[in-house]
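The structure appears right after this line, and notes come after that.
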Amino acid sequence: MPEVLRIENLHKRYSVESTAVHALKGVNLVVHQGDFVALMGPSGSGKSTLLNVLGCLDRPTEGSYHLGGEDVSKMTDDQLSSIRSRYLGFIFQQYNLLPQYTVVENIEIPLIYQGVRLNADSRDRCIGLAELVGLGQRLDHRPMQLSGGQQQRVAIARSLVNRPQLILADEPTGNLDTKTSHEIMVMLSRLNASGKTIVMVTHENDIASWSRRIVRMRDGEVESDLPNTPEPIDFSGPPLPMHLLEEAA
Ligand SMILES: Nc1ncnc2c1ncn2[C@@H]1O[C@H](COP(=O)(O)OP(=O)(O)OP(=O)(O)O)[C@@H](O)[C@H]1O
Ligand SMILES: [Mg+2]
């Protein structure tokens with residue numbers, strides 16, 4: 001499978017007043033298309049820092065980062081926003097939906113960042129994604145009117161709207177109960193089975209067990225990187241609408 005991303009000897013240092021924090025200390029990581037990586041490790045080990053660099057939300061202090069073959073370590077801020085909106089989908093623990101917007105409008109947001117003119121076609125696409133995550137009957141609801149699991153499903157639909165090469169998720173089930181977490185993981189696993197590449201930070205072994213690969217961090221370094229065999233998933237239900245997920249021709 002082709003490489004989606006490659007980081008080499010990546011360092012991240014923060015300086016807060018006179019104190020320096022060395023949050024990443026020479027991390028190497030290659031992720032291939034179709035991978036489903038769980039990033040684990042104790043609090044403060046650098047998981048979110050790494051995910052932020054992978055998401056082009058923050059820059060490495062040292063080392064290289066290639067995303068889809070492009071060297072992002074040297075890009076300008078504008079180039080970073082552009083690659084972010086073309087290549088990446090984000091799912092956060094806190095969902096990060098805009099409260100004044102409806103479900104379908106929240107799903108449209110990455111298209112606006114990408115500079116896509118919203119029209120009937122883009123609206124249909126967003127409705128299709130809302131249906132994909134089981135919210136076809138909730139298009140005009142606002143986040144406040146949805147449960148946590150439903151809000152996270154909106155966030156999953158939003159993360160897919162620009163047909164990203166890579167989905168980055170930071171504790172996507174961190175605010176959800178066990179049953180709802182299970183539903184969200186089934187959804188992510190189905191997306192992975194349909195070819196989406198996912199890197200997900202989690203504290204929980206139960207959640208990591210859905211992945212195909214577990215990378216453990218400690219003190220800013222990769223401590224272990226091992227394949228994982230997820231439990232077989234019951235994929236009953238209609239097949240995923242691949243035209244909504246695949247790269248536009
Ligand atoms: N913006 C920042 N400024 C200064 N130091 C930071 C910043 N962000 C993170 N750090 C420090 O970098 C280290 C790694 O933090 P990071 O947030 O990546 O850990 P984490 O593994 O995600 O932890 P958690 O599991 O608690 O979310 C910590 O020592 C943290 O205090
Ligand atoms: Mg974190």
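The values are calculated or read from the model by the stated rules, or taken from the named source; none is laboratory data. These numbers were taken from a predicted model, which means no experiment stands behind them. With ideal geometry, Cβ positions are generated from the backbone for all residues, glycine too; neighbour counts draw on all protein chains shown.
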Any chance you could count how many residues in region 93-150 are in contact with an Asp or Glu (Cβ under 6 Å, 6 or more places away or on another chain) and hydroxyl-bearing (Ser, Thr, Tyr)? 1
Of the residues in region 48-82, those that are in contact with an Asp or Glu (Cβ under 8 Å, 6 or more places away or on another chain) and closer than 25 Å to residue 174 by Cβ come to 48, 49, 51, 52
All strands (runs of 3 or more DSSP E) inside region 1-40 with 2 or more residues being within 14 Å of ligand 1 (Cβ to nearest atom) and within 20 Å of residue 70 (Cβ to Cβ): 3-16
All positions within region 46-73 that are within 16 Å of ligand 2 (Cβ to nearest atom) and of a type outside the set (Asp, Glu): 46, 47, 48, 49, 50, 51, 52, 53, 54, 55, 57
Subset of region 168-223 (residues that are within 15 Å of residue 33 (Cα to Cα), touching a helix residue (DSSP H, G or I) at 6+ places or on another chain (Cβ under 8 Å), assigned to a loop (DSSP other than H, G, I, E, B) and not basic (Lys, Arg)): 194, 195
Matching option when the condition is out of contact with any Cys (no Cβ under 8 Å at 6 or more places or on another chain), closer than 28 Å to residue 181 by Cα and among the small types (Gly, Ala, Ser), among 85, 64: 85
Checked region 165-213 for anything more than 13 Å from the chain's Cα centre (by Cα), within 16 Å of ligand 2 (Cβ to nearest atom) and in contact (Cβ under 8 Å) with a residue 40 or more places away in the chain; matches are 174, 175, 203, 207, 208
For region 193-212 the number of residues that are away from ligand 1 (no atom under 11 Å from the Cβ), under 20 Å from residue 182 (Cβ atoms) and in contact with a Pro (Cβ under 9 Å, 6 or more places away or on another chain) is 8
Here are the criteria: (1) crowded, with 22+ Cβ neighbours inside 10 Å; (2) within 16 Å of ligand 2 (Cβ to nearest atom). Tell me which single one residue 43 does not satisfy. (1)
Can you report the number of residues in region 62-108 which are of a type in the set (Gly, Ala, Ser), touching a residue at least 12 places away in the same chain (Cβ under 8 Å) and part of a helix (DSSP H, G or I)? 3
Hey, does region 79-93 have a residue that's within 16 Å of ligand 2 (Cβ to nearest atom), under 23 Å from residue 152 (Cα atoms) and of a type in the set (S, T, N, Q)? yes
Exactly one of 145, 137, 93 is at pLDDT below 95 and not hydroxyl-bearing (Ser, Thr, Tyr), and that residue is 93
Please state which of the following conditions residue 31 fails to meet, knowing it meets all the rest: (1) under 24 Å from residue 217 (Cα atoms); (2) surrounded by 14 or more Cβ atoms within 10 Å (Cβ to Cβ); (3) within 16 Å of ligand 2 (Cβ to nearest atom); (4) within 18 Å of the chain's Cα centre (by Cα). (3)
